[in-house]
1. Report the extension gain between Ala146 and Ala20 in nm, rounded to one decimal, defined as 0.36 nm multiplied by the number of residues separating them, less their alpha carbon distance.
2. Once you list every other residue whose beta carbon is under 12 Å from the beta carbon of Ala38, what net charge do they have if Lys and Arg are +1 and Asp and Glu are -1?
3. Determine the share of the chain's accessible area contributed by carbon and sulfur atoms, expressed in whole percent, with a 1.4 angstrom probe.
4. Just reorder Lys118, Lys68 by solvent-accessible area, largest first, 1.4 Å probe, all chains present.
5. So how much slack lies between Ala128 and Thr54, counting 0.36 nm per residue of separation and subtracting their Cα-Cα distance, in nm?
6. With every protein chain in place, what's the accessible area of Phe147 (1.4 Å probe, Å², nearest 10)?
7. To the nearest 10 square angstrom, what accessible area does Ser106 show with a 1.4 Å probe?
8. For a label point 7 Å from the Cα of Ala117 along Cα→C-beta, name the residues of the stretch 127-148 whose backbone N is under 14 Å from it.
Amino acid sequence: MKEQRAFTSFMDAALDEARAAGARGEVPVGAVLVMGGAILARAGNRTRELCDPTAHAEVLVIREACAKLGGERLAGADLYVTLEPCAMCAAAISAARVGRLYFGASDPKSGGVMVGAKVFSHPQCHHAPQVYDGIGVAEAEALLKAFFAAKR
């Protein structure tokens, strides 16, 4: 009989990063990258702060983790993000060879995983992670809805 390890979600840490991003006036999206059961990198969106349209939470954690590990591949890593990644982030996830992607809220407007570009389903995609959606969805959606309601 094969021993099964218990699943530990790191979505709460990603939600903390999303809340911090929202408090900075950024769209409240947070991400954490996990390897070996420990958080290797964490970030929230910083596009406005850094004046960088690529400074999405997913890209920031991939950059940080790769720098820490001294390489461009994150094989075996788990990425937790509060919102379905856009096409740019999905391409970065594929290029980094992230093993598993867990995300909270779906993004019917700009998503690149389950809707829209569906990057991982494209024939030119070299690597597709295992994808698990709906993790922490209620809180992720509530953060986004409150943020955009306050902008209107």
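1. Computed gain between Ala146 and Ala20 is 44.0 nm.
2. Summing Lys/Arg as +1 and Asp/Glu as -1 gives +1.
3. 55
4. Details: Lys118 90, Lys68 120 Å².
Output order, biggest surface exposure first: Lys68, Lys118.
5. Value of the extension gain: 24.6 nm.
6. 30
7. Result for Ser106: roughly 70 Å² accessible.
8. Label zone hits: 127.
The values are calculated or read from the model by the stated rules, or taken from the named source; none is laboratory data. Quantities reported herein were computed from a predicted structural model and do not represent experimental measurements. Neighbour counts run over all protein chains shown; Cβ positions are idealised from the backbone, glycine included. Keep in mind that these areas ignore ligands, DNA and RNA; they rest on the heavy atoms of the full protein, side chains included. Shrake-Rupley method; radii C 1.70, N 1.55, O 1.52, S 1.80 Å.
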